[in-house]
Structure formats: C-alpha cells, structure tokens
Amino acid sequence: MININEVIETNKMIAEMNLDVRTITLGISLLDCVATSLEEVKENIYKKITTTARDLVQTGKDIEREYGIPIVNKRISITPIALVGGAVCKSPKDFVEIAKVLDKAAKEVGVNFIGGYSALVNKGMTTADRLLIESIPEALAVTERVCSSVNVGSTKTGINMDAVKLIGEKIKETAELTKENDSLGCAKFVVFTNAPDDNPFMAGAFHGVTEADAIINVGVSGPGVVKRAIEKVRGENFEVLCETIKKTAFKVTRVGQLVAKEASKRLGIPFGIIDLSLAPTPAVGDSVGEILEEIGLEYAGAPGTTAALALLNDQVKKGGVMASSYVGGLSGAFIPVSEDQRMIDAVNAGALTIEKLEAMTCVCSVGLDMIAIPGNTSAATISGMIADEMALGMINQKTTAVRVIPAIGKDVGDVVEFGGLLGYAPIMPVNKFSCEAFVNRGGNIPAPIHSFKNKSMR
C-alpha cells in the first residue's frame with residue numbers, strides 16, 4: 001500500500017533531484033518480415049513497426065501527465081537487421097535502404113531512436129553480417145534516428161578479431177561521413193561483447209531472437225537522487241553508505257516498475273525488464289561523477305575511483321533487485337564522458353584518462369562510452385581500444401562496450417558539441433604507439449578457460 005509520505009518523497013525526487021524514467025523501449029520482433037525481395041522486406045518492416053508502436057509515444061505522454069513522472073525518451077528496439085535482411089540484401093547499399101525505412105518508421109511513430117541496425121558476430125561473420133557492417137557508415141550518415149551495434153565477442157566464444165579490425169575502419173569512415181556534425185554518426189554506434197538481448201538503452205539496444213514478438217523494457221535513471229541521499233551520510237562508514245545507496249536504488253527502481261507495468265497494461269504488450277542503470281545527463285546534479293565525488297574523491301579518476309565505482313554499482317544492483325523481479329539489460333552505473341558534466345570536468349582537470357576509464361569499466365555496467373578522440377587516430381588504434389575492452393568483458397563474464405568518436409579535424413584541447421542528451425566532450429589523448437601488427441593477425445581470440453564450465457570435458 002502506497003502511503004502519502006512515499007508520494008511526497010517521489011515528488012521531491014522528481015522536482016529537485018532530476019529523477020526520471022530515461023526510456024520506455026518497445027522491443028519488436030521483425031523475424032516475420034523476412035520475404036523474397038528487398039521491396040517486400042522494407043514494406044513488411046515499415047508496416048510491422050508503425051502498427052505495433054503506433055500508440056507508444058502517446059501512451060508515454062499520458063503516463064507522464066497522469067503520474068507526473070518525466071519519461072525522457074520513447075524508443076524502439078528491433079531484431080538485428082543482419083538476420084532480417086540477410087536473404088535479400090546483396091550489397092551494403094541494400095542494407096542502407098532498410099536503414100532509411102527504419103528511420104522513416106521511427107519518425108512516423110514519433111520515437112527518439114530506433115536500435116537494432118545490428119549484427120551478432122562474436123564467433124564468425126556471415127556474408128550478410130559483413131555487408132551490414134560495411135553499410136554502417138552510410139546508414140548512420142543518411143539517417144537521423146537509427147542506432148547501430150555489433151556484438152563481436154562473448155565469454156563462451158571469445159573475440160572475433162576480424163570483426164574488430166573491420167569495425168575500427170568503419171568507425172573512421174562514419175566519422176568522415178558525419179564530420180560536418182562533429183562526427184556525430186559515431187555517437188549512434190556501439191560495439192559490444194556479451195551484449196544483452198533486452199537492453200533498453202541506446203545505441204546498443206536490439207530485440208534478441210529469444211524474446212517475445214513484442215515486449216516493453218524500461219530504463220530508469222536517478223544519479224541525482226543517489227547523490228542527494230549520500231550527501232546526508234557524509235563522513236559515515238561504508239556500511240551506512242552502502243545501505244543508503246541500496247535504499248535509494250530501491251525507490252528509484254519502484255518508480256520504473258510502476259511506469260513499466262502501466263505502459264504494458266495500456267499497450268497490451270507484455271512487460272519485459274527494468275534496467276536499473278544510473279544514466280547521467282549533461283545537466284548539473286544528474287551526474288555519476290558527482291556521486292563518486294560525494295563518496296570521497298576530489299575528482300573521478302583519483303586513486304580509489306575504481307573501488308568507489310565498484311561499490312556504487314553493486315549497491316545499485318542489490319537495491320534494485322528488491323524492487324523488481326525482472327531486472328535485466330545492463331543494470332549498473334554508466335560512465336559516458338560527454339553525457340556527464342563532472343566527468344567532463346575531471347577530464348579537463350587532468351584527473352581522468354582513457355586508461356583510468358578502462359579500469360573503471362571492469363566494475364560498472366558498460367565500457368568506454370561517448371569518448372571523443374583525435375580525428376587522426378588510426379583505425380588500427382581504435383580496433384586495439386575495442387579489443388582491450390572486449391577482453392575485459394570476455395574474461396570477467398560481463399557486458400562491455402566501446403563508443404568512441406574520432407572527431408575529424410580536431411585534436412587534444414578541442415571540444416565536440418552534440419547537444420541534447422549526448423552533451424559535449426573534450427578531445428582525450430590516445431596512446432600513440434602502434435598495435436597494427438596485432439590487429440592484422442586475423443582470426444579469433446579464443447574463449448577463456450572458464451567458458452568450459454558447463455561443457456563435458458571427456
């Protein structure tokens with residue numbers, strides 16, 4: 001039973017602490033859109049999306065108005081397009097045609113983003129997978145709302161280094177094709193290892209093949225709420241700190257659960273998961289960096305940062321799982337540089353480097369996220385950064401990701417401006433030493449020994 005104090009508390013979190021539901025994401029299976037011609041596939045995709053998601057945005061607005069809970073984004077995730085278009089797409093241009101249809105459908109139903117222009121190549125690439133990856137630069141350059149992702153590794157299969165090499169080259173191409181907008185196309189692409197099938201957050205959302213025909217997944221966000229809560233226990237021991245974070249994560253997740261259930265009921269679509277990630281925005285007071293500072297660090301990046309982030313991530317999960325029986329997606333703390341004002345400040349102060357961010361990704365929910373690097377960074381170096389991050393995910397049995405922006409024409413000391421949720425970012429220096437011979441070896445990095453734990457060793 002909800003009492004008046006809980007209502008007052010929730011209102012305060014919304015009004016003063018930047019509490020919001022970051023996204024309602026409608027997952028749609030497009031497997032039944034497969035046909036014998038490209039035109040037919042495009043028609044089927046457009047019809048399926050515009051029919052299934054017809055009421056999504058309005059329902060989100062209705063819930064916002066009735067409950068007073070801000071819902072920042074309404075999004076769609078779809079079956080990886082490499083699977084859907086594989087039979088009819090004979091060139092990268094064919095896949096680009098599907099991307100245009102996805103963009104058109106997204107605009108028609110009014111969603112902010114549509115994710116799933118994706119390929120799953122953690123063990124090997126089919127012809128369709130390769131063609132889709134080759135099409136990504138143009139697809140992201142000619143569309144506005146399409147997001148793309150590729151899963152190149154997993155704990156069970158290892159890392160597909162052929163795909164990693166190719167993607168390094170495609171990130172550079174994407175940057176070139178969108179250089180007039182500070183290489184914005186790269187902000188809509190992410191490369192994963194151990195990518196979850198039910199992630200509601202962009203740019204990595206896709207609708208996994210084991211999911212239902214349609215599903216509602218919700219991503220909550222409350223860095224400001226957590227920060228405000230731990231201000232009240234400044235100087236207390238770790239037990240008190242952890243209890244405070246847990247209790248706060250519980251409250252934030254309950255808000256997400258309410259929205260998810262309500263959206264599910266009104267749309268007549270099953271509820272999937274709550275992703276209880278702490279997703280920051282560029283707004284002051286809505287920052288994971290601020291939480292780390294409140295825990296006791298001068299800046300994110302100071303000694304102790306990885307430990308503080310590990311603590312935060314774990315307590316958020318422990319609190320969140322009590323609030324919802326169905327927790328999934330990424331669930332933890334995000335550390336995107338451009339989307340977090342205090343992370344930006346830490347970079348400018350010299351406290352935060354790419355190497356430190358890499359260490360932090362071992363203990364949080366994502367990876368190297370929204371990091372701007374010099375435009376002259378080589379494709380091989382980008383592939384090396386991806387390989388490092390993928391290895392962390394593979395060995396540690398967790399999701400990791402890379403979303404870097406090689407800003408064409410810019411160097412360390414310059415700034416890229418994206419606006420909105422994507423914010424802005426200072427260009428960060430990258431290690432100048434070459435890894436080209438490593439990246440060019442070809443083949444796969446094998447799965448770690450603990451990947452055999454449920455296999456017979458006869």
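A short reminder: the numbers here are calculations on the coordinates, not readings from a lab. Source: prediction; values computed, not measured. Note that we place each Cβ from the backbone using ideal geometry, even for glycine, and neighbour counts take in every protein chain shown.
Suppose we keep just the alpha-carbon trace of the range 129-221; what are its Rg and Dmax in angstrom?
According to the Cα coordinates of the range 129-221, Rg and Dmax are 14.1, 40 Å.
Among residues other than ASN160 whose Cβ falls under 13 Å from its Cβ, what is the net charge (Lys/Arg +1, Asp/Glu -1)?
Details: positive: LYS123, ARG130, LYS156, LYS165, ARG441; negative: ASP129, ASP162.
Surrounding charge for ASN160 is +3.
Nothing charged except the Cβ atoms of Lys and Arg (+1) and of Asp and Glu (-1): what's the magnitude of the dipole of the chain about its Cα centre? Round to the nearest 20 debye.
I would put it at about 1060 debye.
Which of the lysines could be linked to LYS356 by a straight reach, that is with a Cα gap under 18 Å, when you skip same-chain ones fewer than 8 residues away?
LYS432
Restricting the calculation to Cα positions, tell me the Rg (one decimal) and the Dmax (whole number) of the range 122-162 in Å.
Expressed in Å, the Cα Rg and Dmax of the range 122-162 come to 12.1, 35.
Between VAL415 and ALA307, how many nm apart are label points set 7 Å from Cα along the C-beta direction?
Rounded to a tenth, the inter-label distance reads 3.4 nm.
Only counting other Cβ atoms within 10 Å, I'd like SER37, SER135, SER264 sorted with the fewest neighbours first. Write out the running numbers ahead of the final one.
Values: SER37 10, SER135 26, SER264 18.
With the fewest neighbours first, SER37, SER135, SER264 line up as SER37, SER264, SER135.
Within 10 Å, count the other beta carbons around each residue, average over each peptide in 25-33, 399-407, 294-302, and list them highest first.
Averaged packing, sorted descending, gives the order 399-407, 25-33, 294-302.
With the crude spin-label approximation of a point 7 Å out along Cα→Cβ, what separation in nm comes out for GLU144 versus THR127?
Placing both labels 7 Å beyond Cα along the Cβ direction yields 3.6 nm.
So how much slack lies between ILE449 and GLU436, counting 0.36 nm per residue of separation and subtracting their Cα-Cα distance, in nm? Could the numbers behind the result be given before it?
Working: separation 13, 0.36 × 13 = 4.68 nm, distance 2.68 nm.
Length difference between fully extended and current span is 2.0 nm.
Could you state the per residue volume, in Å³, of the convex hull enclosing the Cα atoms of the range 160-294? Mind showing how you got there, number by number?
Values: hull volume 23.7 nm³, N = 135.
Taking the convex hull of the Cα positions in the range 160-294, it is 175 Å³ per residue.
Give me the net charge for the shell around GLY332: Cβ to Cβ below 13 angstrom, other residues only, Lys and Arg +1, Asp and Glu -1.
Here the charged neighbours net out to 0.
What's the local net charge at ILE69, with K and R +1, D and E -1, over the other residues with C-beta under 10 Å away?
Around ILE69, the charge tally is -3.
Is it possible to state the helix-based mean residue ellipticity at 222 nm for the chain, with each DSSP H run of 4+ residues giving -39500 (n - 2.57), the sum divided by total residues, to the nearest 500 deg cm²/dmol? What is it?
Rounded to the nearest 500, it is -14000 deg cm²/dmol.
What number do you get for the chain when its Cα radius of gyration is normalised by 2.2 N^0.38 Å, N = residues?
Normalised Rg, Cα atoms only: 0.93.
Using Cα positions and a limit of under 19 Å, work out the lysines in reach of LYS48, with same-chain residues fewer than 8 apart set aside.
Here the lysines satisfying the reach criterion relative to LYS48 are LYS74, LYS100, LYS104, LYS107.
At q = 0.22, 0.29 Å⁻¹, what log₁₀ I(q)/I(0) does the range 70-116 have when each alpha carbon counts as one equal point scatterer in the Debye sum?
Reported log10 I(q)/I(0), two decimals: -0.78, -1.08.
Roughly how many nanometres apart are two label points built 7 Å out from the Cα toward the Cβ at LYS104 and GLN397?
In this crude spin-label approximation the distance works out to 4.7 nm.
For the range 389-396, take each phi angle, set θ = phi - 60°, evaluate the Karplus expression 6.51 cos²θ - 1.76 cosθ + 1.60, and give the result in whole Hz per residue in order, putting x for glycine and proline.
Ordered by residue, 3J(HN,Hα) equals 5, 4, 5, 4, x, 4, 5, 8 Hz.
Sequence gap at least 6, Cα distance under 8 Å: using those rules, report the relative contact order of the range 20-445 to the nearest whole percent. Please list the in-between numbers first.
Details: 1026 pairs, mean separation 73.5, N = 426.
Here the relative contact order equals 17 percent.
Scan around CYS147 for amide H atoms under 5 Å from its own, H built in the peptide plane at 1.01 Å from N, and keep only partners 5 or more places away or cross-chain.
Close amide H contacts, sequence-distant or interchain: ILE114, GLY115, GLY116, TYR117.
Ranked by Cβ crowding within 10 angstrom, fewest neighbours first, how are LYS356, LYS165 ordered?
Ranked by crowding around the Cβ, least crowded first: LYS356, LYS165.
With 10 angstrom as the radius, rank HIS207, HIS450 by how many other C-beta atoms surround their C-beta, starting from the fewest.
HIS450, HIS207
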